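Supplied in structure tokens, the structure appears directly below.
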Amino acid sequence: MDVPKDYMTTLLDHGLFASAQMLGSFLVSLSSVNLETSPHLKAENLVLLGDALFREKEYRRAIHAYKQALHCHRIIPKQNASAVRSSLSASTRSSSPNSFNISTINENEVKFKIASSHCALNENRAALLEMEGIPSKARNLQMNLMMAKLYRNSRHTRAAITCYKECLRHCPCIIEAIIALAELGVAAKDIISLFPQTPTRGARSTFDHFDSSRWLQCYVEAQCCIASNDYKGGLEFFAELLRRFPNNIHILLEMAKVEAIIGKTEEAITDFEKVRSIDPYVITYMDEYAMLLKLKSDYSKLNKLVHDLLNIDPTRPEVFVALSVLWERKDERGALSYIEKSIRIDERHIPGYIMKGNLYLSMNRPEAAVVAFRGAQELRPDLRSYQGLVRSYLAISKIKEALHAAREAMKAMPQSAKALKLVGDVHASNTSGREKAKKFYESALRLEPGYLGAALALAELHVIEGRNGDAVSLLERYLKDWADDSLHVKLAQVFAATNMLQDALSHYQAALRINPQNEAAKKGLDRLEKQLKGVDPDAPEEDEENDVEDADADQEEAELL
């Protein structure tokens, strides 16, 4: 009594994988289909079972079934091999594990499925070993893309570039290949040259082809700008694309991510909120959004965001980074465990390393922060990883290393005011370097006159050197354009230092109106109110509650005696 194979393929075609898995057990145990008499049928049945197991996410069992199938295939008698090969050439089935309408066995396709199973288990080395057993001429588009990713993960950059290029030769619209090549340092013109220049018939179709390729070329230019740290150029190209494709979620997310990196907080938040209004179920880059909300102390929105992400897909690394952001002020160790989880899910998730470094800095563990920021840099250096490294090295008084990291940032981003400020920060940490620091801060402000971070740093330098008037006049220039709590806090601190207490009071209050959670403003205001009352703010406070507890303890001791 036979089990018709057609039933098995029907179940797989209709996505009934649990039923297919159970039916597969009957199919591979048929007494009439054994290794001695029908090895090719046995192999086909095992592949079908492997497909069902793969879709049920039983990857180890799927690998075992596929390897058994290859074993059966390789012992097909020589006299039958040609017949089997002819049946294979007639097959039009897909090689993807996502399309399981397979009636004959192709050794390369089965190797690809084994590699896909290893990838699902994060076993990249084993996956690469399987894929390298497939001849380059036999690889299809999907195989080349997997090879490229595996080579990149194992840091075989040249091989990865070759495979990504091969993908774009077949299809220029593989966006992830464009992004990867840009991040691997391939020039925009070299990527664009891979696009097929097929002549089209008729003037209209020629125009359409030119117009469609133009937006793709613009996208390549944008990604290459971002990869080379030309954030301004990248944003300009993305803005041009957005005019052509309004409300494009992918472009809005790319712009928001870049704006977050370069400190354009308000613009980034606006773009993230626009994305969520278009599609509230997006998870991509939402951990970046979570970091911005924490920066603005908008904990109600942060709570809602994390709640939404957990309901959408609690297995994504972005969700665990967002959880870590939320938990940081409640429980730093708990936040750290969430961030570790995000990195275990995806070892290439850069925001996980950035958040981990920032967490270690807040926990006063700068040596561990260095390792985290280095991890981010190995994946893809950006402004935040350089900033994190400089802060970490300065925290452990490694001035030479901090200066090296800051100069590396300046080389990577020669037109970046943020990079110039980083070098200034290192020089400002040393008394003898303050004059140099001043020059770097001033250069940063010439390059980007609206850069508040450099203005605040320069004002701090003025205060340290006793030029309080210069600090006030510098900061007051920014009040017209910036409703920023940190600006008001800095002005309040300068006024308090010069004993202009009422001016200091008004600026602390202004800071708290903008951001009620600003800790520096809360502490400054508390100290200032004591000064206004004539109380020494540095005097130890009397703790009446402790006095009561001590009196109770004395009474208990007396009773015991």
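The values are calculated or read from the model by the stated rules, or taken from the named source; none is laboratory data. Predicted, not measured: the structure shown is a model, and the values here were computed from it. Please note: Cβ atoms are built from the backbone with ideal geometry, for glycine as well, and neighbour counts cover all protein chains shown. Note: accessible area is taken over every heavy atom of the protein model, side chains too, but ligands, DNA and RNA are not part of it. Shrake-Rupley method; radii C 1.70, N 1.55, O 1.52, S 1.80 Å.
Filter region 285-334 for residues that are surrounded by 15 or more Cβ atoms within 10 Å (Cβ to Cβ) and in a loop (DSSP other than H, G, I, E, B) and give the result.
Hits for region 285-334 are Tyr285, Lys296, Ser297, Asp298, Arg316, Glu328.
Moving to a separate point now. Take the residues in region 471-483 that are open to solvent by 30 Å² or more (accessible area, probe 1.4 Å) and either farther than 21 Å from Gln502 by Cβ or in a loop (DSSP other than H, G, I, E, B) (or both); name whichever of them is modelled with the lowest pLDDT. Spell out how you get there, then give the answer.
So the first thing to find is which residues in region 471-483 are open to solvent by 30 Å² or more (accessible area, probe 1.4 Å), and the list is 473, 476-477, 479-483.
From what is left, the residues that are either farther than 21 Å from Gln502 by Cβ or in a loop (DSSP other than H, G, I, E, B) (or both) are 477, 479-483.
Numbers: Arg477: 84, Leu479: 80, Lys480: 74, Asp481: 74, Trp482: 71, Ala483: 74.
Once the filter is applied, the top-ranked residue is Trp482.
I'd like to check something: does region 438-447 contain any residue that is open to solvent by 70 Å² or more (accessible area, probe 1.4 Å) and over 32 Å from the mean Cα position of the chain (by Cα)? Walk me through it before giving the result.
Going through region 438-447, the residues open to solvent by 70 Å² or more (accessible area, probe 1.4 Å) turn out to be 439, 446-447.
Next cut, over 32 Å from the mean Cα position of the chain (by Cα) only: 439.
Yes, because at least one residue in region 438-447 is open to solvent by 70 Å² or more (accessible area, probe 1.4 Å) and over 32 Å from the mean Cα position of the chain (by Cα).
Another question about this same structure. Can we say Asp331 is free of Cβ contacts under 8 Å to residues at least 24 places away in the same chain, acidic (Asp, Glu) and more than 30 Å from Ala444 (Cα to Cα)? Before the answer, list the steps.
Details: free of Cβ contacts under 8 Å to residues at least 24 places away in the same chain: yes; acidic (Asp, Glu): yes; more than 30 Å from Ala444 (Cα to Cα): yes.
Taking the combined requirement at face value, the residue satisfies it.
Cβ-Cβ under 6 Å, sequence separation 6+ or interchain: first residue in region 115-126 and part of a helix (DSSP H, G or I), partner of a type outside the set (A, V, I, L, M, F, W, C). Which pairs?
Ala115/Glu130; Ser116/Pro97; Ser117/Tyr59; Ala120/Tyr59; Asn124/Asn153; Ala126/His118
Can you find a residue in region 404-420 that is surrounded by 17 or more Cβ atoms within 10 Å (Cβ to Cβ), of a type in the set (Lys, Arg) and in contact with a helix residue (DSSP H, G or I) (Cβ under 9 Å, 6 or more places away or on another chain)?
Checking region 404-420: at least one residue is surrounded by 17 or more Cβ atoms within 10 Å (Cβ to Cβ), of a type in the set (Lys, Arg) and in contact with a helix residue (DSSP H, G or I) (Cβ under 9 Å, 6 or more places away or on another chain).
This table checks each residue for (1) more than 17 Å from Glu288 (Cβ to Cβ); (2) surrounded by fewer than 21 Cβ atoms within 10 Å (Cβ to Cβ); (3) modelled with pLDDT of 95 or more; (4) out of contact with any helix residue (DSSP H, G or I) (no Cβ under 8 Å at 6 or more places or on another chain).
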| residue | (1), (2), (3), (4) |
| --- | --- |
| Arg344 | yes, yes, no, yes |
| Gly357 | no, no, yes, no |
| Ser362 | yes, yes, no, no |
| Val370 | yes, no, yes, no |
| Arg380 | no, yes, no, no |
| Tyr393 | yes, no, yes, no |
| Ser397 | yes, yes, no, yes |
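Consider Lys111 carefully, then state whether it is assigned to a helix (DSSP H, G or I) and touching a Gly at 6+ places or on another chain (Cβ under 8 Å).
On the way: assigned to a helix (DSSP H, G or I): yes; touching a Gly at 6+ places or on another chain (Cβ under 8 Å): yes.
Yes; evaluated as a whole, the condition is true for this residue.
Report whether or not Ser337 is hydroxyl-bearing (Ser, Thr, Tyr), under 20 Å from Leu361 (Cβ atoms), open to solvent by 40 Å² or more (accessible area, probe 1.4 Å) and in a helix (DSSP H, G or I).
Working: hydroxyl-bearing (Ser, Thr, Tyr): yes; under 20 Å from Leu361 (Cβ atoms): yes; open to solvent by 40 Å² or more (accessible area, probe 1.4 Å): yes; in a helix (DSSP H, G or I): yes.
Yes, satisfied.
For (1) small (Gly, Ala, Ser); (2) part of a loop (DSSP other than H, G, I, E, B); (3) farther than 25 Å from Asp485 by Cα, each residue gets a yes or a no:
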site	(1), (2), (3)
Ala368	yes, no, yes
Gly388	yes, no, no
Ser397	yes, yes, yes
Ala402	yes, no, yes
Asp425	no, no, no
Arg434	no, no, yes
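Taking region 127-141 as the region of interest, how many residues are among the acidic types (Asp, Glu) and either in contact (Cβ under 8 Å) with a residue 60 or more places away in the chain or not in a helix (DSSP H, G or I) (or both)?
Narrowing region 127-141 to residues among the acidic types (Asp, Glu): 130, 132.
Next, from what is left, pick out any that are either in contact (Cβ under 8 Å) with a residue 60 or more places away in the chain or not in a helix (DSSP H, G or I) (or both): 132.
Going through region 127-141 one residue at a time, the tally reaches 1.
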